[in-house]
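Here the structure is laid out as structure tokens; the discussion comes afterwards.
Values quoted throughout were computed directly from the atomic coordinates according to the rules given, and no laboratory measurement underlies them. Only a predicted model underlies this, so the values are computations on that prediction, with no experimental measurement involved. Don't worry about glycine lacking a Cβ; one is built from the backbone with ideal geometry, like all the others, and counts go over all protein chains shown.
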Amino acid sequence: MSKLGREEFERIVRETIEGLPAKFKQALDERNIVIAVKDYPDAADPPSFMGGRVLGFYHGVPLRRRGATGYGLWPDRIVIYKSLIERYASAPSEIKTLLRRVVLHEIGHFFGLSDAELRRLGY
């Protein structure tokens with residue numbers, strides 16, 4: 001199994017976000033959203049994720065479900081699980097491709113897209 005260094009992994013996450021169209025980046029910037037990289041889910045994550053095939057997770061209230069202000073009580077959070085992504089890819093190029101896909105998938109949840117909608121879009 002190949003792995004990427006932590007800095008390179010996080011750089012790809014940043015580049016994926018920076019590569020978004022301006023209106024989507026602006027929506028992420030305007031909302032209080034944190035995007036973090038962790039090796040594995042831990043006790044703070046929903047129990048059903050432990051040992052599952054969850055490669056990332058969006059914690060928050062999707063934009064489609066927000067009230068008039070558009071803000072929730074807590075910051076939204078996207079967590080990307082480095083070791084789990086690396087488990088499903090066999091070469092650095094595959095890790096990079098999967099990582100970008102997972103980041104875009106979780107951002108899609110922030111915008112209110114369902115798993116079915118994201119699968120139809122290829123994420």
(request) Just add up the charged neighbours of Gly122: K/R +1, D/E -1, any other residue whose Cβ is under 15 Å from the Cβ of Gly122. (result) +1
(message) Looking at the stretch 6-120, I'd like the Rg to Rh ratio, where Rg is from alpha-carbon atoms and Rh is Kirkwood's inverse mean 1/r.
(response) 0.95
(request) Give the shape of the stretch 2-41 as rounded, prolate or oblate, defined through the alpha-carbon gyration tensor: a ≥ b ≥ c are the square roots of its eigenvalues, a/c under 1.5 means rounded, and otherwise the shape is prolate if a/b is larger than b/c and oblate if not. (result) oblate
(request) Please arrange Asp76, Asp115 by counting, for each residue, the other beta carbons lying within 10 Å of its beta carbon, fewest first. (result) Asp115, Asp76
(request) Enumerate the lysines that Lys82 could reach by cross-link, defined here as Cα to Cα under 16 Å, with residues fewer than 8 away along the same chain left out. (result) Lys3, Lys38, Lys96
(request) Please give the net charge around Ile85, taking every other residue with its beta carbon less than 13 angstrom from that of Ile85, where Lys and Arg add +1 and Asp and Glu add -1. (result) +3
(request) Enumerate the amide H contacts of Val37 below 5 Å, restricted to partners 5 or more residues apart or on another chain; note that Pro and chain-start residues carry no placed amide H. (result) Ile80
(message) Counting other beta carbons within 10 Å of each residue's own, what order do Glu10, Glu86 fall into, fewest first?
(response) Glu10, Glu86
(message) Net charge within 12 Å of Val61 by Cβ-Cβ distance, Lys/Arg positive one each and Asp/Glu negative one each, not counting Val61 itself?
(response) +4
